[in-house]
Amino acid sequence: MTKFRMRSDMTVRESSAQIEQQAAMWAARLDARVLTAAETADLDAWLAGDSRRLGAWAMARAALARVELAQPTQGDAPHEDAPVATRRSAFDRRTLLRGAGLALAASAVGAVGLGLFGQGQHYATGKGEMLRIALDDGSIVNLNTASGIDVQFTAEQRTIYLRGGEALFDVAKDAARPFVVVAGDARVRAVGTAFTVRHEARRPIDVIVSEGVVEVSEARAAPVRVAQGMRAMVDPRAATPIETAAIAPETIEQELYWREGKIAFRDTTLASAAAQFARYNDERIVIADPALAQETITGLFVANDPRGFAEAVAQSLGVVARIDGNSILISPT
């Protein structure tokens, strides 16, 4: 069995367990009170020190087992008299602070809720981040890594624009106001249900229904009803723009492990697994050999720990994994 090889200058790098422990400490401190300016600076510096820490921080916050009310701020800038921690959170995507009872989750392009889409609300996550949002109607949205939504609610309809990435929607029932998710050319309409939508460049839009029924539509196709335990793939370039298929409960469970900051693989090729880790990390996994890239692996892995995944691959397949700059190279020898 070949050991996982790393450069000697990486041997003092924090383990995932150490990072998770530190993240839990910061999360508990922040849950108890607003951080001081000095503590906020320390947290910023800690998050910036390792690409894995941001994902661990997001998971630690989620583990507090309560919904953070991510209410958007209004206006272009915080008031000068606002607490230091609140002012910083409006402009620093790495900070998740509570001020005056509000949790502000900042996006990669500025702050949450700056009215970027009419009078609506905007939420976004950076790479490795996850965010749970309680909407005004009681619906819950879980945003996956590198994802963004715009929210527009009217008296007649609740509309979410998924600008990119992936989101899980747990929709509060309101027959008088349909809940519609717009993702590229696809529209998903629900009244009370739970479903995910994944919208990425150069890929069909993927809709998975875990509860209830939704109606999926596209400009060139008649609406299609998609029930619990089914998946719809929407591709406006295809001869049949909307394709549906049954999906096993265990597959749905596997698809939703990202809510816990994990990635589940079942007979997944290493090439596909590497692509999944790239969604959450700047550190890339590179499979040097085409035949090795088609080898499969099964298991549950921490999304922000590509090195841990590479080590498991090296040990289970008898191959070599080594660090080369910002890449993790996996090769037969």
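The values are calculated or read from the model by the stated rules, or taken from the named source; none is laboratory data. Bear in mind the structure is a predicted one, so any value in this text is a computation, not a measurement. When we count neighbours, we look across all protein chains shown, and the Cβ atoms used for this are built from the backbone with ideal geometry, even at glycine.
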For this session: Please go through segment 227-249 and pick out each residue that is among the charged types (D, E, K, R) and either assigned to a loop (DSSP other than H, G, I, E, B) or not assigned by TED's automatic domain parsing to the domain that holds S217 (or both).
Result: D235, R237
Seminar exercise, completed: Counted residues in segment 294-319 being surrounded by fewer than 18 Cβ atoms within 10 Å (Cβ to Cβ) and either assigned to a strand (DSSP E or B) or modelled with pLDDT of 95 or more (or both) come to 5
Exercise. Condition test on E255, is it closer than 21 Å to G148 by Cα and outside the structural domain of V171 (by TED's automatic domain parsing)?
Worked result: yes
For this session: Return only the number of the condition from (1) surrounded by fewer than 18 Cβ atoms within 10 Å (Cβ to Cβ); (2) modelled with pLDDT of 90 or more; (3) not in a strand (DSSP E or B) that A274 does not satisfy.
Result: (1)
Exercise. If you take the residues of segment 1-20 that are modelled with pLDDT under 75 and under 24 Å from N142 (Cα atoms), which of them is surrounded by the most Cβ atoms within 10 Å (Cβ to Cβ)?
Worked result: E20
Exercise. Does I323 count as under 20 Å from K127 (Cβ atoms), among the hydrophobic types (A, V, I, L, M, F, W, C) and over 24 Å from the mean Cα position of the chain (by Cα)?
Worked result: yes
Problem set entry | Residue that is modelled with the lowest pLDDT, among those in segment 21-56 that are of a type in the set (S, T, N, Q) and in a helix (DSSP H, G or I) | S51
Exercise. Name the residues in segment 159-197 that are part of a strand (DSSP E or B) and farther than 22 Å from I242 by Cβ, would you?
Worked result: D170
Exercise. Which ones in segment 190-222 are without any contact (Cβ under 8 Å) to a residue 12 or more places away in the chain and farther than 26 Å from A124 by Cβ?
Worked result: A222
Exercise. Restricting attention to segment 145-158, which residues are assigned to a loop (DSSP other than H, G, I, E, B) and surrounded by 21 or more Cβ atoms within 10 Å (Cβ to Cβ)?
Worked result: T145, S147
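Here's the yes/no breakdown for (1) at pLDDT below 95; (2) under 16 Å from the mean Cα position of the chain (by Cα); (3) of a type outside the set (V, I, T):
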position	(1), (2), (3)
D136	yes, no, yes
V151	no, no, no
A155	yes, no, yes
L162	no, yes, yes
L168	no, yes, yes
V181	no, no, no
V191	yes, no, no
Exercise. In segment 163-171, is there at least one residue being more than 30 Å from A56 (Cβ to Cβ) and basic (K, R)?
Worked result: no
